[in-house]
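Working notes for the structure below.
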Amino acid sequence: NAGVTQTPKFRILKIGQSMTLQCTQDMNHNYMYWYRQDPGMGLKLIYYSVGAGITDKGEVPNGYNVSRSTTEDFPLRLELAAPSQTSVYFCASSRAYEQYFGPGTRLTVT
Amino acid sequence: ELKVEQNPLFLSMQEGKNYTIYCNYSTTSDRLYWYRQDPGKSLESLFVLLSNGAVKQEGRLMASLDTKARLSTLHITAAVHDLSATYFCAVDGNNAGNMLTFGGGTRLMVKP
């Protein structure tokens, strides 16, 4: 099993551009999550999903959108990128309690 | 709103010494997790604590949970350099999505 995979690993965006961060898991987990981690800080939840077709906001959803059309994939969309979205983004999945994290995407908005 | 606080935020210790990291949280929860993060890397799961009084040990690390005090501890015994990393606790607020709220992290540096 590859576990949780994320693409791209790194990305530089100009202010106002849009992009999609990809997340895929091959563990057949129902729960999936997107977090952001700012330098020297803990993770904050952006969006989560409890199954295909079901998503909900976390603590910091503004400026982001998600969709969940399959169990495996949970893409995160950034519209009109802003410097405040410069961060490392982690995707995670779980079956019940323990969450398994992907390798992260380091995003810089300039 | 669930708040999770860790202390200390930064810990520099000598090899061979013992120390404890504390994780306090503000609302009732029976589930708490400890993660390790190396610089530039993802989070690695260390311990899953699912009930009051739970204690788990792996090598030089031992974690415990007291849900009545809303407190978890991560105890380090005879620290070695390889334990240098940032340690996060995360609390599941007993919500439908099993969403986690993370503490700010404890950056541990073990010096020879």
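The values are calculated or read from the model by the stated rules, or taken from the named source; none is laboratory data. Values in this document were obtained by computation on a predicted structure and should not be read as measured data. All Cβ positions, glycine included, derive from the backbone under ideal geometry; neighbour counts span all protein chains shown. Side chains are part of the model used for accessible areas, which takes the heavy atoms of the whole protein and leaves out ligands, DNA and RNA. Shrake-Rupley method; radii C 1.70, N 1.55, O 1.52, S 1.80 Å.
Evaluate the charge dipole of region A:29-110 about its Cα centre and quote only its size in Debye, nearest 20, assuming +1 on the Cβ of each Lys and Arg and -1 on the Cβ of each Asp and Glu. Display every interim value, and only then the final one.
Details: 7 positive and 7 negative charges, 13 e Å.
Using only the charged Cβ atoms, the result is roughly 60 debye.
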Share of alpha-carbon pairs per 5 Å distance bin for chain A, given as whole %:
2, 13, 25, 27, 19, 10, 4, 1
Extreme residue, positive dipole direction of the protein assembly as shown, given options B:98, A:108, B:77 (C-beta unit charges)
A:108
Test of the criteria: in region B:20-73, which trypsin sites (Lys or Arg not before Pro) are in a DSSP loop and have at most 15 other Cβ atoms within 10 angstrom of their Cβ?
B:41, B:60, B:68
Calculate the mean, over all residues of peptide B:94-105, of how many other protein chain Cβ atoms lie within 10 angstrom of the residue's Cβ.
6
Taking a probe of 1.4 Å and counting only protein heavy atoms, give the total accessible area buried between chains B and A in Å², rounded to the nearest 100.
1600
Set of lysines near residue A:57 by C-alpha distance (under 16 Å), chain-local residues within fewer than 8 positions excluded
A:44
Sequence gap at least 6, Cα distance under 8 Å: using those rules, report the relative contact order of region A:50-109 to the nearest whole percent.
25
Between residue A:5 and residue A:54, what is the label-to-label distance in nm when each label sits 7 Å out along the Cα-to-Cβ direction?
2.7
Give me the percent relative contact order of chain B, please, defined on Cα pairs under 8 angstrom at least 6 residues apart.
36
Any idea which of A:15, A:71, A:35 is furthest toward the positive side of the dipole for region A:4-104, if Lys and Arg beta-carbons carry +1 and Asp and Glu beta-carbons -1?
A:15
How much accessible area per residue does chain B have, in Å², with a 1.4 Å probe?
48
